[in-house]
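To keep things clear, I will list the structure first and then write my remarks on it.
The values are calculated or read from the model by the stated rules, or taken from the named source; none is laboratory data. None of the values given here were measured: they were computed from a predicted structure. Ideal geometry is used to build each Cβ from the backbone, glycine not excepted, and the neighbour counts take in all protein chains shown. These accessible areas exclude ligands, DNA and RNA; they are computed on the full protein's heavy atoms, side chains included. Shrake-Rupley method; radii C 1.70, N 1.55, O 1.52, S 1.80 Å.
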Amino acid sequence: MPELPEVETIVRDLAPRVAGRTLHHPVLHKTDVLRGVSRARLLRALDGARVLALTRRAKHIVAELDTGERLVIQLRMTGSLQIHRPPLTLEQERYAVLAVALRARELLVFRDVRRLGTIQLLDDRAWAAYTSRIGDEPLDPAFTLERFRTALQGSKQAIKKVLMDQRKLAGVGNIYANEALFRARIDPSRAARRVDAASSARLYDAVRAVLTEAVTARGTTVRDYRTGTGQAGAFQFSLDVYGRAGEPCVQCGTPLVTTHAIDGRQTTLCWRCQGARPPGGRTRGR
């Protein structure tokens, strides 16, 4: 699923070409992606609306319209948002969910192979309620170490699960939680409330560093993700643990291990560097 760096990359690619444009002739090919809005209302709201800004909130792409509403798109596993020149190829048209004309020879197209993504249309009141349920943006200058520690306080859940909880922290998913915890040398299964002051400071720095580097690299392409210009990201070449089960740790050479014990998600770690339970052995340094 595209996380903060991937969605940020898409928004940065598209914003200069979308902001200020008037939308015309919207076509919705599939309705199962709609949440809280009917097909008729969505198409009526988009046709003739001008995009004031294209931004990101957590893992969501947000188009602020001059009607006072916001078009909110979540890409999830296989979604993409790109500008194409009509006519669309058969491959592009096959998985198109929503297509909107920006000008005579440009279409903004939301494609989703498995249609796991979502589309919402929110007025100011609905948007305020929606965004209030999402946690702090980790790359926001206002996101301090103290605010990060507050998000961790009192939770009995595994620290990795807390990092991925969008109510606690916006935009961090499985890939970057794995990477940040490795850099901070923290066992992903450790209860968040048991992360001490020194460790939480390391993790705070690691989360921000990993996300910043991934944005610079234009995201991580493991399979489906493409940027707003249709290219693959490059951060997959810098991953220390994610997707590297059985390979040697970049720090100590110990073979990395993968578990699905934390919320059923793939967690790859170095048990030696991160003070975790070694395979078949006792807990170390927890």
TODO: Could you state the accessible area per residue of region 113-234 in Å², with a 1.4 Å probe and every protein chain left in place?
DONE: 45
TODO: Hydropathy first: keep DSSP H helices in the chain averaging at least 0.5 on Kyte-Doolittle, then drop any whose Cα extent along the axis falls short of 15 Å, and list what survives.
DONE: 197-216
Open item on the list: Using Cα-Cα distances under 8 Å and only pairs 6 or more residues apart, what relative contact order does the chain have, in percent?
Closed with: 18
TODO: Given the options T150, T267, T220, state which has the largest fluctuation in a GNM of the chain using a 10 Å cut-off (strictly under) for Cα springs.
DONE: T150
Open item on the list: Report, to one decimal in Å, the Kirkwood hydrodynamic radius for the chain based on all distinct Cα pairs.
Closed with: 20.1
- [ ] Quickly work out the R114-to-L43 label distance, labels modelled 7 Å from Cα along the C-beta direction, and quote it in nm with one decimal.
- [x] 2.9
TODO: Please report, in debye to the nearest 20, how large the charge dipole of region 160-267 is about its Cα centre when each Lys and Arg carries +1 at its beta carbon and each Asp and Glu carries -1 there.
DONE: 280
- [ ] Kindly identify region 84-127 as rounded, prolate or oblate by the Cα gyration tensor criterion: order the square roots of the eigenvalues as a ≥ b ≥ c, call it rounded if a/c is under 1.5, otherwise compare a/b with b/c, prolate if a/b is larger, else oblate.
- [x] oblate
Task: Computed E for Q266/R133 - FRET, C-beta separation, R0 22 angstrom, nearest 0.05 - done: 0.25
Task: Rounded, prolate or oblate (a/c below 1.5 giving rounded, otherwise prolate when a/b exceeds b/c) for region 135-286 by Cα gyration tensor - done: oblate
TODO: Determine the share of the chain's accessible area contributed by carbon and sulfur atoms, expressed in whole percent, with a 1.4 angstrom probe.
DONE: 48
Open item on the list: I need the Kirkwood Rh of region 129-206: take the reciprocal of the average 1/r across all distinct C-alpha pairs and report it in angstrom.
Closed with: 12.3
Open item on the list: Under 24 Å between alpha carbons, and skipping anything fewer than 8 positions from K156 in its own chain: which lysines qualify?
Closed with: K168
Task: Positive-end residue of L71, H24, Q153, charge dipole of the chain with Cβ unit charges - done: Q153
Task: ³J(HN,Hα) computed for each position of region 256-273 - Karplus, 6.51 cos²θ - 1.76 cosθ + 1.60, integer Hz, glycine/proline x - done: 6, 10, 10, 10, 10, 6, 9, 6, x, 9, 5, 10, 10, 8, 9, 5, 6, 5
- [ ] Report the one residue of S38, P5, A15 whose Cα lies farthest in the direction of the positive end of the charge dipole of region 1-42 (charges on C-beta: Lys and Arg +1, Asp and Glu -1; origin at the Cα centre).
- [x] S38
- [ ] With label points built 7 Å along Cα→Cβ from the Cα atoms of T150 and D196, find their separation and express it in nm.
- [x] 2.5
Task: Cα centre as origin, Lys/Arg/Asp/Glu Cβ charges: the chain dipole, Debye - done: 740
Task: Cα-based shape type of region 1-69, given that a ≥ b ≥ c are square roots of the gyration tensor eigenvalues and the cut on a/c is 1.5 - done: oblate
Open item on the list: Explain nothing, just compute: Karplus ³J(HN,Hα) = 6.51 cos²θ - 1.76 cosθ + 1.60, θ = phi - 60°, for every residue of region 219-235 in order, whole Hz, x for Gly and Pro.
Closed with: x, 10, 9, 9, 8, 9, 4, 9, 5, x, 9, x, 9, 7, x, 10, 6
TODO: Can you tell me how much longer the chain between T254 and L90 gets when fully stretched, taken as 0.36 nm per residue apart minus their C-alpha distance, in nm with one decimal?
DONE: 54.3 nm
TODO: Would you mind computing, in nm to one decimal, how far apart the modelled labels at R35 and A232 are, each placed 7 Å from Cα along Cα→Cβ?
DONE: 3.0
- [ ] For n ≥ 4 DSSP H runs only, could you compute -39500 (n - 2.57) per run for the chain, divide by its residues and tell me the 222 nm figure to the nearest 500?
- [x] -8500 deg cm²/dmol
- [ ] Using Cα centres only, tell me the gap between region 1-73 and region 238-280 in whole Å.
- [x] 38
- [ ] Search the structure for amide H atoms under 5 Å from the amide H of G173, placed 1.01 Å from N in the peptide plane, and list their residues when 5 or more places away or on another chain.
- [x] L4
